[in-house]
1. Looking at segment 55-76, can you tell me whether even one residue there is in a loop (DSSP other than H, G, I, E, B) and crowded, with 22+ Cβ neighbours inside 10 Å?
2. Could you list, in sequence order, all residues of segment 360-381 that are on the phi < 0 side of the Ramachandran plot, in a loop (DSSP other than H, G, I, E, B) and over 14 Å from the mean Cα position of the chain (by Cα)?
3. Among the numbered criteria (1) closer than 17 Å to residue 159 by Cα; (2) surrounded by 24 or more Cβ atoms within 10 Å (Cβ to Cβ); (3) at pLDDT below 95, which single criterion is violated by residue 385?
4. Pairs only if they're at least six apart or on different chains, beta carbon under 6 angstrom, first in segment 113-133 and without any contact (Cβ under 8 Å) to a residue 40 or more places away in the chain and within 19 Å of residue 147 (Cβ to Cβ), second in a helix (DSSP H, G or I) and among the β-branched types (Val, Ile, Thr); list them, first residue then second.
5. Quick one: residue 169 ticks every box in (1) more than 29 Å from residue 64 (Cβ to Cβ); (2) in contact with a Leu (Cβ under 6 Å, 6 or more places away or on another chain) except a single one, so which number is it?
6. One residue is enough: does segment 77-92 have a residue meeting the conditions outside any helix (DSSP H, G or I), farther than 30 Å from residue 2 by Cα and basic (Lys, Arg)?
7. So residue 312 ticks every box in (1) under 16 Å from residue 3 (Cα atoms); (2) of a type outside the set (Gly, Ala, Ser); (3) at pLDDT 80 or above; (4) part of a helix (DSSP H, G or I) but one. Which box is left unticked?
Amino acid sequence: MISILIGLVLLMLLAYLGWSIIWIAPLVSGIVAILSGMDILPAYTDTYMQGFVDFAKDYFPIFLFGAIFGKLMEDTGAAQSVAHKISSVIGKKRAILGMLLSAAILTYGGVSLFVVVFAVYPLAVAMFREANVSRKLIPSTFVLGAFTFTMTALPGTPQIQNIIPINTFKTDTMAAPILGIVAALIMAVGGYFYLKFREKQLNNKDEKFTEPEGDNQVKSVNEEELPNWILSTIPLIAVVLTLNAFDISILAALLIGIILIMIFNWKDYKAFIKAINGGASGSVMATINTSAAVGFGTVVTASPGFDSVKELIFSIPLSPFFSEAFAVSLLAMITGSASGGMGIALEALGQEYYNIAVDQGLSLEAFHRITSVASGASILPHNGALLTLFTVTGLTHKDSYKDVFVVGLLIPMIATIAIIFLAMMGIN
């Protein structure tokens, strides 16, 4: 267990320092292998790469189609059009609510988290400027809108964190709808009221809006040049509707969304190839990053000490729902990736939890939803999506991580515990 602990701490520390998981994951895997008495070469060429390749084989198509869909939404202006419409309805004075809803609707519509950040950021700056709200709250508002309830809790969300558990628990994207809605309400409502409290607190300290500097300056968007907001909304609705109402695969649903974006924005056909190429390139990096984390987890689970870790997890004197949530959240925290940590946990323990559910008559749908929500309750300072968010906004951990911690980690943990108790009562 000491070798595993050393490996986990090293991975988290090096990722926090900004070193790429693509090369530190195999490096730290080698350290775990040596300390565990494993042969280092087979640990890399066989064990590590098998975990890496298996995850990429299963989920690269989803990353690819999702990234292309999101990039087309961004480059055609469709994402900005939807966000601007929400802003005009909500009112620019309600900056936090407008930005929150914009990020949430785009995420639930299938746009990848990273694309949402780039697409909504210019609007966020405009709204926060108009309302004279401190920019320190922009990252936490993004996290709440895109990285929490729409990513993991709302039934039917096409995000990867809601797709991965399907293979393990033989469920679908609508698994445990009551648990999902309860978790979403706790995260959305609790997070929003916390951010409003922080807005008032910063106002009392006379901390107002300050203009972004350097590479983070924002050009204003001409609303007249944006596509029709109704047509821009249709692809988002189509992805969610076809995925859940017509029981088709996530790939088919995303393909339908891609085709609709192209049809509604045919005048911008010259930009399609660039957007598709950009989305494809982005999907490769996202897949490799996550696969690297999963490969590390495969080495950990193959090490002799992992049996002791499993005993520790399964010895938690509470419902299996608790031990599952603990394992998923812990590994997601360590790897800095909700999907990566979930992939590791399910690769190592998923079959055992499936067997437990069947043997004890527990709901497989509840296991699915708890797994998904717990994976999102993991946003530590080295989280990959958070680092990207800080880069885009030009803010730092010192500026905003305290608020991110509350809305992205603390409140989602509360939501996870709440739905575990509901699941123990037989509610799905």
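1. First pass over segment 55-76, keeping only residues in a loop (DSSP other than H, G, I, E, B): 76.
Filter again for crowded, with 22+ Cβ neighbours inside 10 Å, leaving 76.
Within segment 55-76 (the criterion being in a loop (DSSP other than H, G, I, E, B) and crowded, with 22+ Cβ neighbours inside 10 Å), the answer is yes, since at least one residue qualifies.
2. The answer is 362, 363, 381.
3. Going through (1) closer than 17 Å to residue 159 by Cα; (2) surrounded by 24 or more Cβ atoms within 10 Å (Cβ to Cβ); (3) at pLDDT below 95 one by one, residue 385 breaks only (2).
4. What qualifies is 124/138.
5. Of everything listed in (1) more than 29 Å from residue 64 (Cβ to Cβ); (2) in contact with a Leu (Cβ under 6 Å, 6 or more places away or on another chain), residue 169 misses just condition (1).
6. Within segment 77-92, one or more residues are outside any helix (DSSP H, G or I), farther than 30 Å from residue 2 by Cα and basic (Lys, Arg).
7. Of everything listed in (1) under 16 Å from residue 3 (Cα atoms); (2) of a type outside the set (Gly, Ala, Ser); (3) at pLDDT 80 or above; (4) part of a helix (DSSP H, G or I), residue 312 misses just condition (3).
Matching residues to (1) farther than 22 Å from residue 177 by Cα; (2) under 22 Å from the mean Cα position of the chain (by Cα); (3) assigned to a helix (DSSP H, G or I):
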residue	(1), (2), (3)
239	no, yes, yes
253	no, yes, yes
256	yes, no, yes
259	yes, no, yes
262	yes, no, yes
271	yes, no, yes
276	yes, yes, yes
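The values are calculated or read from the model by the stated rules, or taken from the named source; none is laboratory data. None of the values given here were measured: they were computed from a predicted structure. When we count neighbours, we look across all protein chains shown, and the Cβ atoms used for this are built from the backbone with ideal geometry, even at glycine.
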